[in-house]
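Novice: Pasting a structure below so you can have a look.
The values are calculated or read from the model by the stated rules, or taken from the named source; none is laboratory data. The model shown is predicted, which means the values in this text are computed figures rather than measured ones. Here Cβ is always computed from backbone atoms with ideal geometry, including for glycine, and neighbour counts include all displayed protein chains.
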Amino acid sequence: MGNDVATVQDIVEGLDDGIARLLEANGAPDRPVTSIELFDSVDVALESGALVLAVGVDGEDRVRALLTAAERDGVAGVVVKGTSAKIAADLAADIAVVWLREDMAWLDVAVCLRQRLIDRVRSRPAADGSAANELFALADSISTLVGGPVTIESESSEVLAWSTGQQGADVLRVESILVRSVRPGWVRLLAEEGVLAEIAKSPDPVFVPAHSIDGQPLPRVAIAVRSGGVILGYIWIVVHEPLSAETAGQLRYLTRIVALQLAQLTMNPPSAIRQQRRELGETIFAGGPGAVIAANRLGLTPGPLVVLAIGAEDPRAAPGRGDGSLIADRRRVDSLFEHYLGAVHPSSVVLRNDGVLYALLGWPGLDDDAAVTETRSLADDFLRRSLDGTDYRIAVAPAIAAVSRVAVARAQADAILTAMLREPGSASARLADVALPMLLGRLADYADSLDLPPFSGPLRVLADEQGTNGQLLESLSAYFESGGVLDAAAARLHVHINTLRYRLRKVQEVSGLDLQDADAILLAQLELRLLRLRRGLR
């Protein structure tokens with residue numbers, strides 16, 4: 001069997017023989033596997049090509065019924081516990097049988113086997129010779145080629161990936177990305193007009209004119225994504241006119257590459273396994289001895305790990321935003337980000353806690369600096385695609401070597417995020433970007449906890465004399481912010497340099513501040529920065 005598929009033998013190979021092993025007495029170990037499925041009733045149709053976990057199957061009668069269903073539906077193999085596996089191996093004609101130790105939990109086995117299957121498929125070279133050919137990158141490539149915003153959708157109209165630059169699209173497109181599904185009324189309209197049928201039968205892009213329905217959709221081009229004659233999904237592009245013959249030919253080529261990616265997505269796990277993944281993520285963030293085991297199951301080790309945190313200013317402080325809107329907004333961001341990471345960086349896990357969305361990303365083979373840089377790059381890319389990324393900030397913590405340090409990295413991400421929200425600037429940041437405002441913020445919190453006055457010593461004298469907005473304090477602050485360069489400080493204040501010299505002499509006369517005393521200067525600078533920080537908060 002070639003290296004482009006995963007077989008039953010591939011998936012089982014390498015597991016501890018004391019836990020699971022292929023029974024060689026049976027045939028078909030080289031049959032390709034397309035998914036891992038849980039089985040609990042012989043009355044339910046099985047997935048063709050699946051490796052089926054025989055939940056609740058013991059004794060000859062139940063084993064025989066399982067094998068009958070498996071052979072009927074073209075299953076690749078079955079995983080059976082204990083002595084029942086030997087019975088299955090003796091009875092099976094063309095179904096691979098895997099023995100499993102009796103005390104193994106089925107969900108744990110399902111997660112493990114599915115990860116092995118995905119790892120094998122993902123290791124397959126992409127059409128361009130690289131392993132990074134993901135749906136989001138393809139959406140960007142198609143958008144660059146055609147010159148319009150792109151979505152890649154499943155056969156059931158679920159939005160799987162989208163290009164950057166969607167802000168120029170219509171309301172319908174923006175809505176479909178936010179909820180990750182195309183509005184049913186729009187799909188029905190296209191079906192009634194025969195547009196979907198035309199797209200389904202045409203190997204070429206189909207031009208769909210603008211429609212006057214709610215959302216005023218702009219013209220689009222759509223092309224079906226096929227594999228072996230079966231439609232796996234669609235590519236939709238907002239355009240102004242039909243594509244040229246040359247562009248249409250290039251789009252057909254890219255569609256074949258999209259088909260390879262969509263074929264991988266047919267292996268999505270059941271909802272129970274998705275829930276298991278979230279629970280493993282909670283275990284990692286909670287810490288303790290189970291964190292290492294959970295990280296191994298999720299493929300997060302070896303290699304540096306990076307925690308990032310996504311947050312926004314409390315929307316309840318803004319007019320018209322309440323708790324219901326907050327909850328809906330968070331769920332949308334959670335869904336978008338989990339979906340995005342699942343496509344572009346599978347070695348990751350997402351968790352929301354205390355109003356902040358966290359992610360832990362594994363970067364095997366990279367050093368710490370490269371891992372942080374790559375995480376920042378993913379954060380920026382997600383914000384460009386999220387349509388309202390300016391409302392959110394993403395903090396990227398320094399890399400850590402082991403999951404035992406996740407609590408520390410999370411605290412660092414929280415501190416970075418808090419500093420970003422206090423002094424809005426870039427939508428994403430690393431520790432080096434916000435180290436000073438982060439430390440100043442902690443210092444402000446400490447001073448507030450002690451109910452300290454804003455100024456002490458010389459600056460308190462100035463404030464008592466002129467108030468906190470006085471000319472002398474303003475001039476001293478400009479002098480500090482200009483690094484002690486008189487020309488720059490005078491320009492900042494829009495005054496003559498001699499005027500500034502006079503004011504600084506006045507500062508020393510009134511307050512007694514010694515501009516040659518490093519400690520006095522440091523204290524004065526900190527007090528002025530904290531005053532500005534507090535005013536920014538309020």
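Novice: Condition first: modelled with pLDDT of 85 or more and basic (Lys, Arg). Can you find one or more residues in segment 22-34 that meet it?
Specialist: Checked against the condition, which is being modelled with pLDDT of 85 or more and basic (Lys, Arg), segment 22-34 yields no hits at all.
Novice: Out of all the residues in segment 511-532, is one or more more than 50 Å from the chain's Cα centre (by Cα) and in a helix (DSSP H, G or I)?
Specialist: yes
Novice: When you check ALA419 against the structure, is it outside any loop (DSSP other than H, G, I, E, B), at pLDDT 90 or above and surrounded by 20 or more Cβ atoms within 10 Å (Cβ to Cβ), yes or no?
Specialist: Here the answer is no, as ALA419 does not meet what is asked.
Novice: Next question. Is it the case that VAL57 is assigned to a strand (DSSP E or B) and modelled with pLDDT of 75 or more?
Specialist: Considered against the rule, which asks whether it is assigned to a strand (DSSP E or B) and modelled with pLDDT of 75 or more, VAL57 comes out as no.
Novice: Among ILE237, ILE223, which is the only one that is under 29 Å from the mean Cα position of the chain (by Cα) and closer than 13 Å to SER141 by Cα?
Specialist: Matching residue, one of ILE237, ILE223: ILE237.
Novice: Please count how many residues of segment 180-202 are part of a loop (DSSP other than H, G, I, E, B) and farther than 22 Å from TRP162 by Cα.
Specialist: 3
Novice: Within segment 240-263, take every residue that is of a type in the set (S, T, N, Q) and under 11 Å from VAL146 (Cβ atoms) and give me the one that is farthest from the chain's Cα centre (by Cα).
Specialist: SER244
Novice: Something else now. Has segment 400-415 got any residue that is under 17 Å from the mean Cα position of the chain (by Cα) and either touching a residue at least 40 places away in the same chain (Cβ under 8 Å) or at positive phi (or both)?
Specialist: yes
Novice: Just checking, does segment 379-394 include any residue being under 15 Å from ALA524 (Cβ atoms) and surrounded by fewer than 15 Cβ atoms within 10 Å (Cβ to Cβ)?
Specialist: For segment 379-394, residues under 15 Å from ALA524 (Cβ atoms) and surrounded by fewer than 15 Cβ atoms within 10 Å (Cβ to Cβ): absent.
Novice: Which of the residues belonging to segment 204-228 are in a loop (DSSP other than H, G, I, E, B) and modelled with pLDDT of 90 or more?
Specialist: ASP204, PRO205, PRO209, PRO219
Novice: What residue, among those in segment 76-93 that are β-branched (Val, Ile, Thr) and buried (at least 18 other Cβ atoms within 10 Å of the Cβ), is farthest from the chain's Cα centre (by Cα)?
Specialist: Once the filter is applied, the top-ranked residue is ILE87.
Novice: Let me ask something else. Taking VAL495 as the residue in question, decide whether it is more than 21 Å from ALA447 (Cβ to Cβ), free of Cβ contacts under 8 Å to residues at least 40 places away in the same chain and loosely packed, with under 14 Cβ neighbours inside 10 Å.
Specialist: no
Novice: Check ASP73 against each of (1) surrounded by 15 or more Cβ atoms within 10 Å (Cβ to Cβ); (2) in contact with a helix residue (DSSP H, G or I) (Cβ under 9 Å, 6 or more places away or on another chain); (3) at pLDDT below 85 and name the one condition it does not meet.
Specialist: Unmet for ASP73, out of (1) surrounded by 15 or more Cβ atoms within 10 Å (Cβ to Cβ); (2) in contact with a helix residue (DSSP H, G or I) (Cβ under 9 Å, 6 or more places away or on another chain); (3) at pLDDT below 85: (2).
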